[in-house]
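Shown below is the structure under consideration.
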Amino acid sequence: MMVLGVAVLASCTDNFEEINENPNAALSVPSSLYISTLAESTADGMFSMFWGGDMGGNWAQHWSKVQYNDEEMYQPRNTVIEGTIWNGLYAGTLQDAKNMYETAVEEENDKTKGIALVWHAYGYSILTDMFGDIPYTESLSAKDGINAPVYDEQSAIYPALVDSLTNAVSYLNGAGSIDGTADIMYGGDATGWIKFANSLKFRLLMRMSSKTDVSSQLTDLMSQPMFTSNADQAAIPYLETNPNANPLWNTVVFGVREEHRMSSTLIDELVSLNDPRLSVYAEENADGEYRGKPNGINSVPNDDYNYTNVSGIGEYYLQPDLPGIFMSYSELEFFKAEAAASGFIGGSAADFYNSAVVANFEWNGIGASAPAYLSNNPYSDVEGIHLQKWIALYGQGVEAWTEWRRTKVPALTPAIDGVVNEVPSRLNYPAAEQSLNSGNYSSAVSRQGADVLTTPIWWMN
C-alpha cells in the first residue's frame, strides 16, 4: 500500500486548519485522547523485535541471533518495512498526529496542537532517517486527491521538522489544556512536552550539523527548557500484562523467541572497559560466562553458537513494564558533549559527558558504580563520547543504529555472511511504492541513489 500522504511542512502547519466540517459526521475524539494511542502505537513498532531488534539492535551489533537471522545478514523482510515501518508510521503515528491537530484546532486548544506537532516531527524524523527522501509535503493528502505523493529531499525535510518543533513549543506555551489522565507520558504537564520538543530539536540539529551551520540554533536551545534528568525523558510507561506490556518482553519471554542473543561486539567492548553494565545488559550462558556471538553467521544454531552457549538479553531489559524510550536524558547530554567538543556551544564537554554516563548508569540501576567507572574511563575526545553513547543506547535499537550510521563508532565488522559487505545505511523503499507510486519513486531513486541498503542518506554524506 502506498503512502497515504504527509502532514504539511512546519512552515505550512496552518493548512491543518483548512477543515471541511460535516454536520452529519460523528463527534470527534477529544484531542488529548490521541496521546496514548500515538505513544503506544509508535513505541510498539519501534521496539518490536522485528524492527528495533532485527534491524536496530542487530545492525548496531548490540544483539545477534542464533536462529532465524535473515535480517542480521542484511536481508530485511519487505512485510516489516512496508507494514510495521512505512505504513505503521504514515497510517498510524502521522495520520493520528494530523487528526489530533485538526481536532485541537476545532477545540481552540493550543497545547494539544503543540503535542500533535511534536509527534509530527518525531514520526517524520524516524521515517526519513530510515529511508532518506520520503513523501512529506504531499503525503496524508488522499482526501485532496493526491494518491501518488512526491518524495521530498531529506535536506528540505529536516529544517521543516525543526520549524515544526519551534511551532510546537509556541503552542505549548499558549492557551488550552491537556487531559492528565489521557497523557500517559507527562500527566498533562505542558512543560514536559516542551522539554521533549526542545530536546528532540537538539537531536535533529546535531544530525544536520555535518551539512549546515547550526551553532546559533544549538546555542539558543541551551537557554530553553530541555531534559534535566531521567525523570524528564520521553518514554512510554508499559504495564506488566498484555496488551500493554513492553514488546521486547512480549516477544522474547511471552512469545518464547529466545533466538535473540548478545553480540560479541558489545560483550567484548564491555569486558575491555570493565563495564558494570555487562551484568545488566546480558545474562550468563549455561557455563556461567558472558559470551556473545559474531553478527551474521549463516548456519546457526551450531556447536559454536547456540541457545545455551551464547548469552541472552539481561533480565532487566526483559521486564514487561520496562518503559520504551523515545529520547533519553542521557542521549541529550551526549549530544551536548559532542556539541561542546565541536565548538557548536559553550560549556564543558567533559561535564556533559560525565552527566550522560551517570544518567545512563542510574537508568540501569547501578548509579553508585558511575564515579569509579568515570575515573577509569574519563572524557577524552569526540570518539570517546560516541563510544559511550553507543553503549548507552542499548535497548533502543532504532536510535542505536541511526546514531552509529552518523558516527561510525565503534568500528563494526559487517555481518560475516551478509548479502552486502557493509552495515546498512538505510532501508530500501517498500516494494509497493515501485508499482503504486512509480514515477515519484523513480525520481527519488534517481536523485538520492540506488534503492539499496548501502546508499547513504543526506546527513551521512
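Here, each number is a calculation from the coordinates, and none is a lab measurement. Predicted model only: the values in this text are computed from it and were never measured. Counting neighbours? That spans all protein chains shown, and the Cβs are built from the backbone with ideal geometry, glycine included.
Can you tell me how segment 422-461 classifies by the Cα gyration tensor, rounded, prolate or oblate, using a/c under 1.5 as the rounded cut? Please list the in-between numbers first.
Working: a/c = 3.07, a/b = 1.68, b/c = 1.82.
Judged from the Cα gyration tensor, segment 422-461 comes out oblate (a/c at least 1.5, b/c at or above a/b).
Computed from the coordinates I sent, Kirkwood radius over Cα pairs in Å equals one of (i) 22.5; (ii) 25.4; (iii) 23.5. Tell me the label.
Correct label is (i).
Taking the Cα centre of the chain as origin, work out the dipole magnitude from +1 charges on Lys and Arg Cβ and -1 charges on Asp and Glu Cβ, in debye rounded to 20.
620
In addition: Once Lys and Arg get +1 and Asp and Glu get -1 on their Cβ, which of 353, 39, 115 lies farthest toward the positive end of the dipole of the chain?
In the chain, that residue is 353.
Stokes-Einstein D for segment 144-260 at 10 °C, 1.306 mPa s, Kirkwood Rh over Cα pairs, in µm²/s?
The calculation lands on 92 µm²/s.
Which of 368, 208, 297 sits closest to the plus end of the dipole of the chain, meaning its Cα is farthest towards the positive end, when Lys and Arg get +1 and Asp and Glu get -1 on the C-beta?
Comparing the listed Cα positions along the dipole, 208 ranks first.
Oh, and also: Using the Cα centre as the reference, give the magnitude of the dipole from point charges on the C-beta atoms of segment 336-461 (Lys, Arg: +1; Asp, Glu: -1; all else neutral), rounded to the nearest 20 debye.
For segment 336-461, the charge dipole is close to 180 debye.
Which of 143/389; 293/336; 211/293; 143/195; 113/143 have a Cα-Cα distance over 31 Å?
Listed pairs above 31 Å: 143/389; 293/336; 211/293; 143/195.
Rg and Dmax of segment 75-170, using alpha carbons, in Å: what are they?
Gyration radius and largest Cα-Cα distance of segment 75-170: 13.7, 47 Å.
Divide by every residue of the chain the summed helix terms, -39500 (n - 2.57) for each DSSP H run of at least 4, and state the resulting mean residue ellipticity at 222 nm, rounded to the nearest 500 deg cm²/dmol. Before the final figure, lay out each step's value.
Numbers: 15 runs with 180 residues, N = 461.
Taken over the chain, the calculation gives -12000 deg cm²/dmol.
Using the Cα centre of segment 400-461 as the reference point, and only Cβ charges (+1 on K/R, -1 on D/E), how large is the resulting charge dipole? Debye, rounded to the nearest 20.
Charge dipole, segment 400-461, about its Cα centre: 220 debye, nearest 20.
If you count the DSSP beta bridges with both ends in the chain, what percent of them are antiparallel, to the nearest 5?
Details: 11 of 12 bridges.
About 90 percent, rounded to the nearest 5.
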